[in-house]
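The values are calculated or read from the model by the stated rules, or taken from the named source; none is laboratory data. Please read all numbers here as calculations on a predicted model, not as lab measurements. Neighbour counts run over all protein chains shown; Cβ positions are idealised from the backbone, glycine included. Calculation scope for accessible area: heavy atoms of the full protein, side chains included, ligands and nucleic acids excluded. Shrake-Rupley method; radii C 1.70, N 1.55, O 1.52, S 1.80 Å.
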Amino acid sequence: MFSRFAARSVLRPTLGSRLTVIRLLSKETKSAIEGAIGSAPVVLFMKGTPEFPQCGFSRASIQILGQQGVDPSKFAAYNVLEHPELREGIKEYSEWPTIPQLYINKEFIGGCDILTNMAQSGELAELLEKEKVLIPEEE
């Protein structure tokens, strides 16, 4: 899905003599990211997979979502380590510098720190229930 997409970088002068790099997300990468975000109600861009997370923050995010009771049929995860253009593109798309990144119903929620705070305050449980992405309770 992401293998042929890339972002461009542009050097622009800033005040003084320093140059800053401004990345320009390609239309193809943006479209692929939007497709991924729309692939399920709960989408996590992470390092590794839910079965084999490759960093502690990704592992913690998966654990939090599991503890909250997110329905696996309403969940998709994307391994940014397999696609360098996705790894950089998602940061630019969300304007958030770290991974993992969580989206619920196409809305960017945040990274592991935000997820942890929301879980501790109860806000995440409320949001997941409101968005109807939890495993249905048996009657």
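The residues of region 43-61 that are of a type outside the set (A, V, I, L, M), within 12 Å of the chain's Cα centre (by Cα) and assigned to a strand (DSSP E or B) amount to a single one, F45. Among the residues in region 82-91, are any in contact (Cβ under 8 Å) with a residue 60 or more places away in the chain, surrounded by 15 or more Cβ atoms within 10 Å (Cβ to Cβ) and not in a helix (DSSP H, G or I)? Checked against the condition, which is being in contact (Cβ under 8 Å) with a residue 60 or more places away in the chain, surrounded by 15 or more Cβ atoms within 10 Å (Cβ to Cβ) and not in a helix (DSSP H, G or I), region 82-91 yields at least one hit. In region 92-112, of all residues being outside any loop (DSSP other than H, G, I, E, B) and in contact (Cβ under 8 Å) with a residue 40 or more places away in the chain, the one that is surrounded by the fewest Cβ atoms within 10 Å (Cβ to Cβ) corresponds to E92. Of everything in region 22-42, what is of a type in the set (A, V, I, L, M), under 13 Å from E92 (Cα atoms) and not in a loop (DSSP other than H, G, I, E, B)? Give them in sequence order. Across region 22-42, the qualifying residues are I22, L24, I33. Filtering region 34-49 to residues that are closer than 16 Å to S73 by Cβ and either of a type in the set (S, T, Y) or surrounded by 19 or more Cβ atoms within 10 Å (Cβ to Cβ) (or both) leaves S39, A40, P41, V42, V43, L44.
Quick check on my filter: what residues within region 28-70 are among the hydroxyl-bearing types (S, T, Y) and within 15 Å of L81 (Cα to Cα)?
Listed by number, the residues that qualify are T49, S58.
Is it fair to say F52 is closer than 22 Å to L134 by Cβ, modelled with pLDDT of 55 or more and not basic (K, R)? The answer is no for F52. Summed over region 115-139, residues that are free of Cβ contacts under 8 Å to residues at least 12 places away in the same chain and either open to solvent by less than 50 Å² (accessible area, probe 1.4 Å) or of a type outside the set (K, R) (or both) total 11. Against the definition (surrounded by fewer than 19 Cβ atoms within 10 Å (Cβ to Cβ), at pLDDT below 60 and in contact with a Leu (Cβ under 8 Å, 6 or more places away or on another chain)), how does L15 come out, yes or no? When the stated conditions are applied, L15 does not pass them.
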